[in-house]
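The values are calculated or read from the model by the stated rules, or taken from the named source; none is laboratory data. Note that this is a predicted model, so its numbers are computed, not measured. Because the Cβ atoms are built from the backbone with ideal geometry, glycine has one as well, and the counts that use them run over all protein chains shown. Side chains included, ligands, DNA and RNA excluded: accessible areas come from the protein's heavy atoms. Shrake-Rupley method; radii C 1.70, N 1.55, O 1.52, S 1.80 Å.
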Amino acid sequence: MAAIKILSTSLNLIASTSYSSSSSCHYRSCPSVFAKFGFAPVWDISVSIPPVSSRRAKRMAHSIARATLGLTQPNKIDPPKISFAAKEIDLVEWKGDILAVGVTEKDVAKDENSKFKNLVLQKLDSHLGGLLSEVSSEEEFAGKSGQSTILRLPGLGSKRVGLIGLGSASATLAYRGLGEAVAVAAKSTQSSNVAITLASSEGLSLESKPATASAIAAGAVLGTFDDNRFKSESKTPVLKSVDIIGLGTGAEIEKKLKYAENVCSGIILGKELVNAPANVVTPGVLAEEAKKIASQYSDVFSAKILDVEQCKELKMGSYLAVGAASANPPHFIHLCYKPPNGEVKTKLALVGKGLTFDSGGYNIKTGAGCMIELMKFDMGGSAAVLGAAKALGQIKPAGVEIHFIVAACENMISGTGMRPGDIVTASNGKTIEVNNTDAEGRLTLADALVYACNQGVEKIVDLATLTGACVVALGPSIAGIFTPSDDLAKEVLAASEISGEKLWRMPMEESYWESMKSGVADMVNTGGRQGGAITAALFLKQFVDEKVQWMHIDMAGPVWSDKKKNATGFGISTLVEWVLKNSL
């Protein structure tokens, strides 16, 4: 029995000890390690570990850690590969599996004979002997957003004809929804090639048609994607090609279709990172994903990953305190993008909250609605930053240097963890009394923002699943933005108009800072319950250079879809659009 205990303890020490040429552990000097694994103090045991190479040690530690986490590894799922083509052909001549028409409520209006007034629908209906108008009436299809009807009818080159509702407004979200609805229909019917058109495309301006095609294509890619990496059985999507008809042809629209593919690849990465559980995506794994991006796009990216000791040298006490309780050590991620031509007009930083799991610490999340089981999504900000990095690595905008920064860690509980009442010191020298260990994201962002400012950037956007208060204020679909800069607010809101993501500017009420003052330190990390999202933003402001334009995006609501039980990839499209506007 004694031999078994010593062997088991040695293995656990290998998995949890930092390595040098040799190391040893005396029971009396590290009881927490033994207690953690259930060993009672039977003897005064001293265990020596023979010299192990650093690389081998890390491999052994990783292997043993894996063994304690359910043996779960994601299956390799290739992202959707769909070819897009813009065409100008007669709809009734198109041959394929599904011909889908996006229609507004106005488009489906009928005359006194119950026939469509819209010319495109008239033409299709006449080739189908009036069946299209008849079925739409029977099914009470009114062209509302979310409505669709897919019919298998003879008389056309396509096997099926679909009407997809766009609602009363024509906007990016409606067109993306059209592409997504067609992709879902293709999955259910096992269709490999589809065509998408609009009943009223002639109402679009020449300039808006490429953007409309791009939104439709993005919806088709994202609608095809299913994150089945952790399912024992899954179907492979069969959709291979999408023809977009009636929105023009040529170089400009082809460029926008390629742009949609690039952005979607970033969104899919972001979704996968957020969807993956915390026993798969640890701070170290998040750092590896960043290094993959730098390796894949090495012509424009470089990566720097700081370990705990390097973060100590930079005096990141606020960040390191959050990760102190976890067996998975913090990893500070810094990706740097430099344009291919070398000329830099503007320096930007994107900072993402990277809590791969948030237990709440000693202020542990408890009770109904605490959502502790979903706290894998507390790194949604970092997923948005890395997803944007992947997209921009393919797009390669000119004139901008971009710093992608993530202070990755876990907020766990142990004898080495941060306690309520502790005072931590951030890298700019400011001290923080921790009155709530579950307000940890802002502590990590504090040092990340100081680091970003030290890179000489002119503008910073940080993204974080920071407060439940913002969800209460704006609901599950809208992110709150906080900034002292009207100019930056206009830039980001304009980018969100193009991306279709919903943002709402919130006030930075300076008088609320009174509730954030501490009697023993420079500040506390939480104020009262009222205005919690605002006081969180005011806290972050303390770590941003006054010369730098800065915006905080609280995306706690839209990061996750309760309906789909999946990550949304929120923020990535807007970030890419904002960067591109700054590259002009």
>> Against the condition touching a residue at least 12 places away in the same chain (Cβ under 8 Å), over 29 Å from residue 376 (Cβ atoms), part of a loop (DSSP other than H, G, I, E, B) and out of contact with any helix residue (DSSP H, G or I) (no Cβ under 8 Å at 6 or more places or on another chain), how does residue 477 come out, does it pass?
In response: no
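Could you check, for region 334-351, whether at least one of its residues is under 19 Å from residue 409 (Cα atoms) and over 18 Å from the mean Cα position of the chain (by Cα)?
No - not one qualifying residue is present in region 334-351.
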>> Residues that are in contact with a Gly (Cβ under 6 Å, 6 or more places away or on another chain), assigned to a helix (DSSP H, G or I) and either hydrophobic (A, V, I, L, M, F, W, C) or surrounded by 20 or more Cβ atoms within 10 Å (Cβ to Cβ) (or both): does region 507-519 have at least one?
In response: yes
> Which members of region 372-401 meet the condition of being in contact with a helix residue (DSSP H, G or I) (Cβ under 9 Å, 6 or more places away or on another chain) and either over 19 Å from residue 465 (Cβ atoms) or surrounded by fewer than 16 Cβ atoms within 10 Å (Cβ to Cβ) (or both)?
Replying inline: 390, 391, 392, 393, 394, 395, 397, 398, 399, 400
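Conditions (1) within 18 Å of residue 244 (Cα to Cα); (2) touching a residue at least 24 places away in the same chain (Cβ under 8 Å), marked per residue:
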| site | (1), (2) |
| --- | --- |
| 90 | yes, no |
| 124 | yes, yes |
| 153 | no, yes |
| 158 | yes, yes |
| 166 | yes, yes |
>> Among the residues of region 265-282, are any among the hydroxyl-bearing types (Ser, Thr, Tyr), touching a residue at least 60 places away in the same chain (Cβ under 8 Å) and under 23 Å from residue 358 (Cα atoms)?
In response: yes
> residue 191: open to solvent by less than 10 Å² (accessible area, probe 1.4 Å) and polar (S, T, N, Q), yes or no?
Replying inline: yes
> Taking the stated definitions as given, is residue 410 outside any loop (DSSP other than H, G, I, E, B) and either without any contact (Cβ under 8 Å) to a residue 12 or more places away in the chain or surrounded by fewer than 22 Cβ atoms within 10 Å (Cβ to Cβ) (or both)?
Replying inline: no
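Per-residue answers, yes or no, for (1) under 19 Å from residue 347 (Cβ atoms); (2) touching a residue at least 60 places away in the same chain (Cβ under 8 Å):
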| site | (1), (2) |
| --- | --- |
| 359 | no, no |
| 362 | no, yes |
| 365 | no, yes |
| 372 | no, no |
| 377 | no, yes |
| 383 | no, yes |
| 388 | yes, yes |
| 393 | yes, yes |
| 403 | yes, yes |
>> Condition first: open to solvent by less than 30 Å² (accessible area, probe 1.4 Å) and either without any contact (Cβ under 8 Å) to a residue 24 or more places away in the chain or not small (Gly, Ala, Ser) (or both). Now tell me which residues in region 528-544 satisfy that.
In response: 534, 535, 538, 539, 540, 543, 544
>> Anything in region 449-474 that is of a type in the set (Val, Ile, Thr), open to solvent by less than 20 Å² (accessible area, probe 1.4 Å) and out of contact with any helix residue (DSSP H, G or I) (no Cβ under 8 Å at 6 or more places or on another chain)? List them, or say none.
In response: 450, 457
>> For region 553-576, give me each residue that is open to solvent by less than 20 Å² (accessible area, probe 1.4 Å) and not in a loop (DSSP other than H, G, I, E, B).
In response: 553, 554, 567, 572, 573, 574, 575, 576
>> Looking at residue 144 and the list (1) modelled with pLDDT of 90 or more; (2) open to solvent by less than 60 Å² (accessible area, probe 1.4 Å), which single condition is not satisfied?
In response: (2)
>> Criterion first (touching a His at 6+ places or on another chain (Cβ under 9 Å), in contact (Cβ under 8 Å) with a residue 60 or more places away in the chain and open to solvent by less than 10 Å² (accessible area, probe 1.4 Å)) does residue 446 satisfy it?
In response: no
>> Checking the structure you have, find out if any residue of region 239-258 is modelled with pLDDT of 95 or more, of a type outside the set (A, V, I, L, M, F, W, C), touching a Gly at 6+ places or on another chain (Cβ under 6 Å) and in a helix (DSSP H, G or I).
In response: no
> What is the number of the single condition among (1) over 30 Å from residue 250 (Cβ atoms); (2) open to solvent by less than 70 Å² (accessible area, probe 1.4 Å); (3) not polar (S, T, N, Q) that residue 107 does not meet?
Replying inline: (1)
> Restricting the first residue to region 195-207 and requiring it to be open to solvent by less than 10 Å² (accessible area, probe 1.4 Å), which pairs with a second residue that is assigned to a strand (DSSP E or B) and among the polar types (S, T, N, Q) meet a Cβ separation below 8 Å and a spacing of at least six or different chains?
Replying inline: 195/158; 199/104
